[in-house]
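First comes the structure, then the notes that go with it.
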Amino acid sequence: MIDEEWLAAQRFTTFDGHRVVGLLGIGSEHVTFEVQTLDGKGMARQTRLEHLGYHIRELPLFLTGKPAYDLDRLARKLAGLRGAPELDAMTKQYNRLHSAIIKILHQHGLTGVLAAAYKMVTLDFVVFLLKSPGVRRRLAEFAELADRVEHRGFVLTDVKVNEPFPISAERVDLKRWAASMLDHIDELSMESDHLHPDMLPDNPLYVWGAAVTDGFVTDAEMESAAAFVDRPFTGPNQPNVTLRYQEQALAIAHLLDHFLTDTHVERFVQFCWLAGYQFPLNR
């Protein structure tokens, strides 16, 4: 949940030299600031709601251009996000990825999603995402929609969901579809023993990946930031947790790269390497 009081109190200069002097509002999809331009004119500047900084009370680099956060403080806040099942909805790139997969799923079914992933290293990665808490939560929310709602005296039976890749449908049809997809996803299996989709939110690489792809951590700070991550265990008794972190990060990197553009996935891979989890991004 966004702290509107905190956000309304923020005053800062944007990366292009404009001055944010207030908050005009937080809507269902956007945050809108009141901005004073270089020539003194007032204007509104709108950004999407699903940016990590808004949810952790920190201003990201894509707004300020230079760090307005403290790296140690950022690390403490990210540590508090480990295990949060809603992280996928709190950050731009993860939200886009989940939304894109569900859009394909709605248009073409499970067969279509698997076909769209046929050039990936393994189909396990897309099955991993389908079984992840983010996809399952979103489908469950669709399945639990009311059949109809009243708005200003009108009865509405249709709904628009899944921004930024929207799905428009009759409510009863969407509910039925979502419930059936949850059942079909349960029937899917993976070859890997290390992915564990239900444990993805606990992975520190996944949590920090949200930050480095969504306006935090400069190139100069990357190595210092990576030092906050649990280091890999080595030796003959290497526990499964290390393999899980690496396999999940490998899957997320390939999914971002395969299904989306402009994701800053290279920064995510670089961060993982600096944290000691080294893997190639096969394209």
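Among the residues of region 100-139, the ones that are touching a strand residue (DSSP E or B) at 6+ places or on another chain (Cβ under 7 Å) and among the hydrophobic types (A, V, I, L, M, F, W, C) come to 0 in all. Applying a threshold of 7 Å to beta carbon distances and a minimum spacing of six or more residues, or different chains, the list of pairs starting in region 67-93 at a residue that is within 17 Å of TYR245 (Cα to Cα) and ending at one that is modelled with pLDDT of 95 or more and β-branched (Val, Ile, Thr) reads LEU78/VAL207; LEU81/VAL207; ARG82/VAL207; LEU87/VAL207. Residues in region 105-126: is at least one touching a residue at least 40 places away in the same chain (Cβ under 8 Å) and under 18 Å from VAL172 (Cβ atoms)? The answer is yes; a qualifying residue exists. Could we say that GLN46 is farther than 27 Å from VAL161 by Cα and of a type in the set (S, T, N, Q) here? No.
Take the residues of region 58-67 that are modelled with pLDDT of 95 or more and part of a loop (DSSP other than H, G, I, E, B): which is most open to solvent (accessible area, probe 1.4 Å)? Filtering first and then ranking leaves PRO67.
Exactly one residue among ALA227, ALA220, ALA251 is of a type in the set (Gly, Ala, Ser) and open to solvent by less than 10 Å² (accessible area, probe 1.4 Å), and that residue is ALA251.
The set of residues in region 226-283 being among the aliphatic types (A, V, I, L, M), more than 22 Å from LEU114 (Cα to Cα), at pLDDT 95 or above and in a helix (DSSP H, G or I) consists of ALA226, VAL269, LEU274.
Scanning region 176-189 turns up no residue that is hydroxyl-bearing (Ser, Thr, Tyr), farther than 16 Å from LEU130 by Cα and at pLDDT 95 or above. When VAL20 is tested against (1) of a type outside the set (Asp, Glu); (2) outside any loop (DSSP other than H, G, I, E, B); (3) open to solvent by 30 Å² or more (accessible area, probe 1.4 Å), only condition (3) is not met.
Scanning region 160-194 for residues that are hydrophobic (A, V, I, L, M, F, W, C) and closer than 30 Å to GLU58 by Cβ, we see that the one that is most open to solvent (accessible area, probe 1.4 Å) is PHE165. I'd like to know if region 145-155 contains one or more residues that are touching a Leu at 6+ places or on another chain (Cβ under 8 Å) and buried (at least 19 other Cβ atoms within 10 Å of the Cβ). So far as region 145-155 goes, no, none of its residues is touching a Leu at 6+ places or on another chain (Cβ under 8 Å) and buried (at least 19 other Cβ atoms within 10 Å of the Cβ).
Just so you know, in region 77-135 the residues that are buried (at least 19 other Cβ atoms within 10 Å of the Cβ) and among the aromatic types (Phe, Trp, Tyr) include one that is nearest to PRO60 (Cα to Cα), and it is TYR94. Within region 68-85, the residues that satisfy the criterion of being closer than 16 Å to TRP6 by Cα and assigned to a loop (DSSP other than H, G, I, E, B) are ALA68, TYR69. Kindly indicate whether any position in region 33-52 is closer than 12 Å to PHE216 by Cα, in a helix (DSSP H, G or I) and in contact with a helix residue (DSSP H, G or I) (Cβ under 7 Å, 6 or more places away or on another chain). Among the residues of region 33-52, at least one is closer than 12 Å to PHE216 by Cα, in a helix (DSSP H, G or I) and in contact with a helix residue (DSSP H, G or I) (Cβ under 7 Å, 6 or more places away or on another chain), which makes the answer yes. Scanning region 29-57 for residues that are open to solvent by less than 30 Å² (accessible area, probe 1.4 Å) and either farther than 26 Å from ARG137 by Cα or among the β-branched types (Val, Ile, Thr) (or both) yields VAL31, THR32, PHE33, VAL35, THR37, THR47, ILE56.
The values are calculated or read from the model by the stated rules, or taken from the named source; none is laboratory data. Nothing here was measured: the structure is a model prediction, and the numbers come from that model. For neighbour counting, all protein chains shown are included, and Cβ atoms are generated from backbone atoms with ideal geometry for every residue, glycine included. Calculation scope for accessible area: heavy atoms of the full protein, side chains included, ligands and nucleic acids excluded. Shrake-Rupley method; radii C 1.70, N 1.55, O 1.52, S 1.80 Å.
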